[in-house]
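Taking it in order: structure first as C-alpha cells, then the write-up.
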Amino acid sequence: MRPLVMGVLNVTPDSFSDGGLYLDPDRAIERGLAMAAEGADLVDVGGESSRPGAEPVSEAEERRRVLPVIEGLAAHVRVSVDTVKPAVAEAAVGAGATLINDISAALWPVAASTGVGWVAMHMRGTPRTMQDDPRYDDVVSEVHAFVLDRARQATAAGVGEVWVDPGIGFGKTVDQNLALLRHVGALAGDDFPVLVGTSRKSFLGRLSPTPDGRAAPVENRLAASLGTATWAMLAGAAMVRVHDVAATVHAATLVGPSELVRS
Ligand code: HH2
C-alpha cells in the first residue's frame, strides 16, 4: 500500500490557508467529497485554527462547526477530527470520526474509551505563543522522545491505532523544522506509524522566496509542499497531511509501498 494522504478540511474563519472557505457545511462536505474523489484516504475536519497566534474558540462553537460536516462525510470517506477538546473529540466520534488528530497529544483517554485511533503530535506551548523564540537542546531527540512517550502511554491505555507526528511548524524555527524532516526516518524506525504535515506552512514560504526576497504567499507553496511531502514519504512517513490532495496522491503512488520504503 502507498503512504496514506490525509486531506485538510478546516471549517474555520481563520485557518492560515483555507480559512473562511468552508464555513457553510454543505460547501465543506462538497470539498471533503472532492478530496475523497481525488484519492484522499482520510479527511481531517478541524473547527479551531492552530496557526501561530490563533485565538481559541468555545467548545459549543467548535461542535457547531465540525459535527454536521463529519456527519455528512463519514459514510463516504474515513474522517479524523482535528481537536484538542475532549468533549469535541467524543462528539466527533459519535458523528462518525474514527481518528482523533490531537495537536496537544493529551486526548488518548478519549481514544481509549471510544475505541478509535489517535495521533500524538508535538507542539511547544500553545498556538498563541508557540513561535515566541522556540528553543531546544536537541530538537530531534526531544520531539521524538515526547511523541514516543505519549504513544506508549496510549498503547498501554488500550488505544489500538496510534500515530506519531513531529508537529512541523508548531513551536519550531525553519532550521528546527528541517532537522525534524531530515530525521523522519529515525522516528519511522520506531514502533508507531508516522504522520507528517508540512503543507503550505510558513517555513516553506520563507524557503522559497519571491524574486524581491519576500516569503512565497500561501497560494505559491505547492512545489515546496509536494517536495517536502515526498521527502517525508521516502523517509518512511506512512501518512502526509495536505491541502493539495490530487498532486500528493500522485506523488504517494510514485513513492509506492510504504513497507518497501521503510525497509
Ligand atoms: N498542522 C496543522 C493542523 N493540524 N495536525 C497534525 N497531526 N499535523 C500537522 O502538521 C498539523 C495538524 C496546521 O495546519 P492547518 O490545519 O492547515 O491550519 P490551521 O491550524 O490554521 O487551521
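Rule-based calculations on the coordinates, nothing more; no lab input. This structure is a prediction, so every number in the text was calculated from the model and none was measured. Virtual Cβ from ideal backbone geometry, glycine too; neighbours counted across all protein chains shown.
Of the listed peptides 210-216, 62-68, what is their order by residue-averaged count of other C-beta atoms within 10 Å, with the highest listed first?
Details: 210-216: 10.3, 62-68: 21.0.
Sorting 210-216, 62-68 by mean packing, highest first, produces 62-68, 210-216.
Report the dimensions of the range 22-74 along its three principal axes from the alpha-carbon atoms, largest first, rounded to Å.
Taking max minus min along each principal axis of the Cα atoms, the range 22-74 gives 33, 22, 15 Å.
Rounded to a whole number, what is D in µm²/s for the range 194-263 from Stokes-Einstein with the Kirkwood radius over alpha-carbon pairs (4 °C, 1.567 mPa s)? Can you show the working numbers first?
Numbers: Rh = 12.4 Å.
Calculated translational D: 104 µm²/s.
Placing unit charges on C-beta atoms (Lys and Arg positive, Asp and Glu negative, everything else neutral), compute the dipole magnitude of the range 1-82 about its Cα centre in debye, rounded to 20. Walk me through the intermediate numbers first.
Details: 8 positive and 15 negative charges, 46 e Å.
Here the range 1-82 has a charge dipole of around 220 debye.
Using Cα-Cα distances under 8 Å and only pairs 6 or more residues apart, what relative contact order does the chain have, in percent?
Working: 559 pairs, mean separation 52.4, N = 263.
Relative contact order of the chain: 20 percent.
So, by mean Cβ neighbours within 10 angstrom, what's the order for 134-145, 22-33, 240-251 with the highest one leading? Don't skip to the answer; put the middle values down first.
On the way: 134-145: 14.9, 22-33: 17.7, 240-251: 22.0.
Top to bottom by mean Cβ count within 10 Å: 240-251, 22-33, 134-145.
Run the numbers for Val174 and Ser113: contour at 0.36 nm per residue of separation, minus the present Cα-Cα distance, in nm.
Working: separation 61, 0.36 × 61 = 21.96 nm, distance 3.73 nm.
Roughly 18.2 nm would be gained on extension.
Could you derive backbone 3J(HN,Hα) for the range 193-207 from the dihedral phi with the Karplus parameters 6.51, -1.76 and 1.60 (θ = phi - 60°), listing whole Hz in sequence and x where the residue is Gly or Pro?
x, 9, 10, 10, x, 10, 3, 6, 5, 5, 5, 5, x, 6, 7
By its C-alpha gyration tensor, with a ≥ b ≥ c as the square roots of the eigenvalues, how is the range 123-250 shaped: rounded for a/c under 1.5, else prolate for a/b larger than b/c, else oblate?
Values: a/c = 2.13, a/b = 1.41, b/c = 1.51.
Here the range 123-250 falls in the oblate category.
For the range 106-187, what relative contact order do you get, as a whole percent, if you take Cα pairs closer than 8 Å and at least 6 residues apart? Each step should come with its number before you reach the end.
Details: 99 pairs, mean separation 34.7, N = 82.
Relative contact order for the range 106-187 comes out at 42 percent.
Along the charge dipole of the range 18-147, which of Gly125, Pro86, Val143 sits closest to the positive end, that is, farthest toward it, with unit charges on the beta carbon of Lys, Arg, Asp and Glu (+1, +1, -1, -1)?
Farthest along the dipole direction, towards plus: Pro86.
Using a ≥ b ≥ c from the Cα gyration tensor of the range 15-134 (square roots of the eigenvalues), is it rounded, prolate or oblate, where a/c under 1.5 gives rounded and otherwise the larger of a/b and b/c decides, a/b for prolate?
The shape class here is oblate.
Determine the distance separating the Cα centre of the range 194-263 from the Cα centre of the range 144-169; give it in Å without decimals.
So the separation of the two Cα centres works out to 22 Å.
Quick check for me: using +1 on Lys/Arg Cβ and -1 on Asp/Glu Cβ, what's the dipole size of the chain about its Cα centre, in debye to the nearest 20?
Details: 23 positive and 32 negative charges, 73 e Å.
Dipole of the chain, to the nearest 20 debye: 360 debye.
Give the Debye-formula value of log10 I(q)/I(0) at each listed q (0.16 Å⁻¹), with one equal scatterer per alpha carbon of the range 4-262, two decimals each.
-1.26
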